[in-house]
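Below is one structure, written out as structure tokens; the observations come after it.
The values are calculated or read from the model by the stated rules, or taken from the named source; none is laboratory data. Just so we're clear, the structure is a prediction, and the values are computed from it rather than from any experiment. We place every Cβ from the backbone using ideal geometry, glycine too, and count neighbours over all the protein chains shown. Heavy atoms of the whole protein, side chains included, go into the accessibility calculation; ligands, DNA and RNA do not. Shrake-Rupley method; radii C 1.70, N 1.55, O 1.52, S 1.80 Å.
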Amino acid sequence: MIDQAPLNYLQAFGIKADKVVPLIWGLAVISIIVVVIVSVLVLVGALRRGRAFSPNPDAMPPVERAGSGLPWITIGVGLSTLVLIAAMVWTVATMAAINRPSRQPDLTIEVRAHQWWWEARYLSGDPSRIFRTANEIHIPVGPPVKINLASSDVIHSFWVPAIGGKLDAIPGQTNATWLEARKPGTYRGQCTEYCGLQHARMGFVVVAEPPDEFRAWWDSQLRAQASSGPHDGLAGGRQLFVQRCGACHTVRGTQAGGIMGPDLTHVMSRGTIAAGTLPNTTANLAGWIANPQTIKPGSLMPNIGLSGPELASIRAYVETLK
Amino acid sequence: MAGGSYERSPRIETLGYDSPTAEMLETIWKTKSWFATVDHKEIGRRYIVTAFVFLILGGIEALVMRLQLARPESALLTPEQYNELFSTHGMTMIFLYASPILSGFSNFLFPLLLGSRDMAFPRLNAFSYWVYLAAGIFMYAGFAIGAGPNDGWFNYTPYASRPFNPGLNMDFYALGMILLGISTTVGAANFVVTVWRMRAPGMSINRLPIMIWGTFTVSFGNLLAVPAVSLAFLLLWLDRNIGTHFYDIAGEGHPLLWQHLFWIFAHPWVYVIVLPAMGMVSDGLPVFCRRPLVGYTAVALSTVATMVLGFGVWLHHMFAVGLPFMAVSFFSGASFVITIPSAVAVFAWVATIWTGRPVFTVAFLYFASFIAMFVIGGVSGFMTAAVPADLQFTDTYFVVAHIHYVLIGINVFAVLGAVYFWFPKMTGKMLDEKLGRWAFWFIFAGFNIAFLPMHLTGLMGMPRRIYTYPAHFGWDALNLITSIGSFILAVGFLLFLVNVFQGLRSGRPAGPNPWQGPTLEWSTPSPPPSYNFAVIPIIASRHPLWEDRLQEGPGQSSIRRGFVLDHGKEALASTTLDGEPDLIVKMPEDSYAPLVVTLAITLGFVSLLLHWWWIAGAGLSGVLLGVLVWLWPEPRLGQMTERRP
């Protein structure tokens, strides 16, 4: 069951989540034991001397004070307090253990939440290596990666359960956290602070890959797309894209430079579209470009009324953005 | 007694409920007009009925949501419809049901439990009900025209601000909540003063029923907490309508201001909607265990301790906003500590069952299962107190499961038990136990089938407040089970309603004390006459009607023989700590002023909503005028019989 639940938080693949899984299990086991003990006490206590109610005037037996019963409270509360103190110590120890990354992160990614997608900007000392992408965040396996979290509209929350807990993206402040994956994989993330109509479909993925693959990915992301080219068949699509999509979307190298929507320079390198909503297939791509308001009603991407040939042409162009 | 120091010493006599004096009292006290009544019992019943109507509305909203969530990728509702539904559901259950239902029981029961003729401020009491009703209708008017709240019950800015939420939705919610705050505040003041001053002689604070402790405590809490939320909503309304920038970063405001103001109110509010319910269990359960509550003093003190600590844990709703390590650790610790007073209550109830001789009435079934539900809601709260774990739990269905165990488990189960327990007193008729057991088992099973697996839904990572979910995320089966459970729960509620209507129509006569209860309300006829007590009783112990068996105190309470107050509409005030008789209070007659002032306030709020500034001014003048008439000195209310210096 767990394996089919990509957002579960009982399986961890990152240092921060690793330490929390035993804490969750520990607290859960304590909780279940407490519930069972109290339920059994209530049940046995009731059945031991209880009697059915019959509606006649002498239905209620006479009252009596059979013992003060106070030891129940003293012992029960005493034991509870010990358990609480233990849980508190465990909690604070876990907090301290994951308060800081194991070492100073070399890499910083600025993640900016938008209604209803995620923008990621990879920072570097070398300005030519800075770039933007969206909804798919690649990190190297092993070293910690710093995440500076911001929001451009309302409050969102950044959550990759397999790697670590939540942190809110709040307009007017930058929150910092870090991701540290210990196993390569594609980990599902999701906005978890209610943020409006498409809060439900504000997903993303974190791809943790070996450092050399990560390096190669970064290099490939830096490449600009051709502003014109020998593929005459695509020139029309490119031009249409710039005209119809370029006000909101950027494709580096072309005149499409909008910043309202995700950067699409290498959209075909991503596994999903529409903020983790659909697998990135030809059919889904066409469906999404043609009619985003059916797939994500309320999304800020409008239906722009493309004709069949226009749609085909734009879709064909987008599919070259590898 | 201290009679010598009064201008008039009330007679002490033995009087029955069929004596000529009692008949005269009935003429003096009975309600003259439906719209003008100030009788606490009538107001209490209205609160309870209104709150149940809101419970049913909120329940229907929940069922529609469960239809949508029963399967993945469902398109039954649009996102906006779903968002308004879950927000309205939260608003309804938390603000329009959970607290008012307890105010209803407290209103009905306070004077009866305390041995008094009415609340301290009967007209204010009527006012508090009318404003509650007006606020509920006001907020539902928004929902009816498609402008219900759509940002969840805690309504975070900036999504609640105008740029992101341009409709009237938030204005309805903001003004409605301010209006409701007026009701809560005056109601709370009334409960506090009633406990301080309106107790039968001899009812010292260590003899108060726990239910009184609960409502008394949370009323104090309300007086401190409600201003925060009224302010929060006022600032929101100003931001949206006048152009201030309290929550707007563009104007140097900050959205987190909202969260602090809201949770400083809303965490204590959680205790506001459970402590009186816990009190009802603490008073009701022992009656069916045929013994006094174990650890009365500990339970009373833990009630107060919970409320006090409840003011120190609001930040645990904000662990994910990016706070310093120290602050988070402190609030985590406080959130662990607050479970200790709850543990006191749990073990007191368990010990009461264990050392008593339980009688399995329907009320007992609710109270006993309440203990288990309480513990489930409690331990999931304990789990979320651990910050690193909470950063995974928060905003997933784990928290949704938790809040429902708290609200249904600790509030609704206690309330349903209380209905079965006090229905005979309120109506003079018994509820059918057999049908009641059917309803109980449906409600118990449906609730647990719906909400126990929801913890797992949360652990599988399902975020809360999503209008739909994809099929391959491992949530399908769990959601279907929850939806099925919620409909079983609904069937249980239907049976409960049938049970109640049947009881009202053809229930067996109850007699004054069908459960052989210990407290003063059971000494009156069922339903109690409008003046409550023929004579004001004199109390010598915590269980005046059980003294024959228990021999608790040094003396004997005097129930049939007591103070005769028959010079018009009179009640007895006593001293705060010891309950010594102090003053004969002249009580006000029925009055239309509370209703008129409510209508004027509501007119003002509607005008603020629609920016009809001149009419808002007229509403304000109406309020002032109404208050003037209301408070105009009436010679016959002059307290002529004060204690001489």
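Couple of notes before you dig in:
- Members of the range B:223-241 found to be open to solvent by 10 Å² or more (accessible area, probe 1.4 Å) and under 24 Å from the mean Cα position of the chain (by Cα), listed by number: B:L223, B:L224, B:P227, B:A228, B:S230, B:L231, B:L234
- Within the range A:25-53, the set of residues being of a type outside the set (D, E, K, R), open to solvent by 50 Å² or more (accessible area, probe 1.4 Å) and either touching a residue at least 60 places away in the same chain (Cβ under 8 Å) or more than 7 Å from chain B (Cβ to nearest Cβ) (or both) comprises A:W25, A:V29, A:I32, A:I33, A:V36, A:I37, A:V40, A:L43, A:V44, A:L47.
- Yes/no for B:A351 being farther than 24 Å from B:R290 by Cβ, in a helix (DSSP H, G or I) and modelled with pLDDT of 95 or more: no
- Those helices (runs of 4 or more DSSP H) lying entirely in the range A:245-322 with at least 1 residues open to solvent by 30 Å² or more (accessible area, probe 1.4 Å) and under 27 Å from A:W218 (Cα atoms): A:282-290, A:308-318
- Against the criterion of being at the interface with another protein chain (Cβ under 9 Å from one of its Cβ atoms), under 16 Å from A:G276 (Cβ atoms) and aliphatic (A, V, I, L, M), A:A176 does not qualify.
- Screening the range B:528-562 for residues that are open to solvent by less than 10 Å² (accessible area, probe 1.4 Å) and part of a strand (DSSP E or B) and picking the one that is farthest from the other protein chains (Cβ to nearest Cβ) gives B:I536.
- Residues being facing chain B (nearest Cβ under 8 Å) and touching a helix residue (DSSP H, G or I) at 6+ places or on another chain (Cβ under 7 Å) - total across the range A:63-87: 12
- Pairs where the first residue, in the range B:391-406, is more than 10 Å from chain A (Cβ to nearest Cβ) and the second is surrounded by 24 or more Cβ atoms within 10 Å (Cβ to Cβ) and β-branched (V, I, T), C-beta under 6 Å, 6+ apart: B:Y397/B:T457; B:Y405/B:I376
- Looking only at residues in the range B:447-479 that are in a helix (DSSP H, G or I), of a type outside the set (A, V, I, L, M, F, W, C) and open to solvent by less than 20 Å² (accessible area, probe 1.4 Å), the one that is farthest from the other protein chains (Cβ to nearest Cβ) is B:N479.
- Among residues of the range B:408-446, those that are over 21 Å from the mean Cα position of the chain (by Cα), crowded, with 24+ Cβ neighbours inside 10 Å and more than 14 Å from chain A (Cβ to nearest Cβ), counted: 1
- Residue that is under 23 Å from the mean Cα position of the chain (by Cα), more than 9 Å from chain B (Cβ to nearest Cβ) and on the phi < 0 side of the Ramachandran plot, where the choices are A:T133, A:T94: A:T133
- Among the residues making up the range A:171-199, those that are surrounded by 24 or more Cβ atoms within 10 Å (Cβ to Cβ) and either in a helix (DSSP H, G or I) or without any contact (Cβ under 8 Å) to a residue 60 or more places away in the chain (or both) are A:T192, A:E193, A:Y194, A:H199.
- Test: residue in the range B:250-271 that is closer than 30 Å to B:G356 by Cβ and part of a helix (DSSP H, G or I): yes
- Options B:A348, B:A320, B:A343: the member that is in contact with an Asp or Glu (Cβ under 9 Å, 6 or more places away or on another chain), within 7 Å of chain A (Cβ to nearest Cβ) and either surrounded by 22 or more Cβ atoms within 10 Å (Cβ to Cβ) or of a type in the set (K, R) (or both): B:A320
- B:V38 falls short on exactly one of the conditions (1) buried (at least 17 other Cβ atoms within 10 Å of the Cβ); (2) in a helix (DSSP H, G or I), and that condition is (2).
- Any hit, the range B:355-362, residues being open to solvent by 10 Å² or more (accessible area, probe 1.4 Å), of a type in the set (D, E, K, R) and closer than 24 Å to B:G58 by Cα: no
- With respect to the stated conditions, B:T244 is away from every other protein chain (no Cβ under 14 Å) and part of a loop (DSSP other than H, G, I, E, B).
- For the range A:116-127, the count of residues that are in contact with a Leu (Cβ under 7 Å, 6 or more places away or on another chain) and either under 23 Å from B:L285 (Cα atoms) or not in a helix (DSSP H, G or I) (or both) is zero.
- Some residue of the range B:164-173 being among the aliphatic types (A, V, I, L, M), surrounded by 24 or more Cβ atoms within 10 Å (Cβ to Cβ) and not in a helix (DSSP H, G or I): no
- Of residues in the range B:480-514 being of a type in the set (V, I, T) and more than 20 Å from B:V400 (Cβ to Cβ), the one surrounded by the most Cβ atoms within 10 Å (Cβ to Cβ): B:V500
- Only one of the listed residues (B:I205, B:I249) is in contact with a Gly (Cβ under 7 Å, 6 or more places away or on another chain), surrounded by fewer than 18 Cβ atoms within 10 Å (Cβ to Cβ) and either modelled with pLDDT under 95 or β-branched (V, I, T) (or both). That residue is B:I249.
- Residues satisfying the stated conditions in the range B:77-98, i.e. under 19 Å from B:Y47 (Cα atoms) and surrounded by 24 or more Cβ atoms within 10 Å (Cβ to Cβ): B:M91, B:T92, B:M93, B:F95, B:L96, B:Y97, B:A98
- The one condition in (1) farther than 26 Å from A:T192 by Cβ; (2) of a type in the set (D, E, K, R); (3) in contact (Cβ under 8 Å) with a residue 12 or more places away in the chain that A:D219 fails to fulfil: (3)
- Hits in the range A:1-24 (condition: facing chain B (nearest Cβ under 7 Å), free of Cβ contacts under 8 Å to residues at least 12 places away in the same chain and part of a helix (DSSP H, G or I)): A:Q4
- Some residue of the range A:25-42 being in a helix (DSSP H, G or I) and within 30 Å of B:R508 (Cβ to Cβ): yes
Residues are listed down the side, and each one gets a yes or a no for (1) under 46 Å from the mean Cα position of the chain (by Cα); (2) more than 14 Å from chain B (Cβ to nearest Cβ); (3) assigned to a helix (DSSP H, G or I); (4) more than 30 Å from A:I295 (Cα to Cα):
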site	(1), (2), (3), (4)
A:P61	no, no, no, yes
A:V89	yes, no, yes, yes
A:N99	yes, no, no, yes
A:P105	yes, yes, no, yes
A:A113	yes, no, no, no
A:I139	yes, yes, no, no
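- Scanning the range B:121-137 for residues that are open to solvent by 10 Å² or more (accessible area, probe 1.4 Å) and under 17 Å from B:G181 (Cα atoms) turns up B:L124, B:F127, B:Y129, B:W130, B:L133, B:A134, B:I137.
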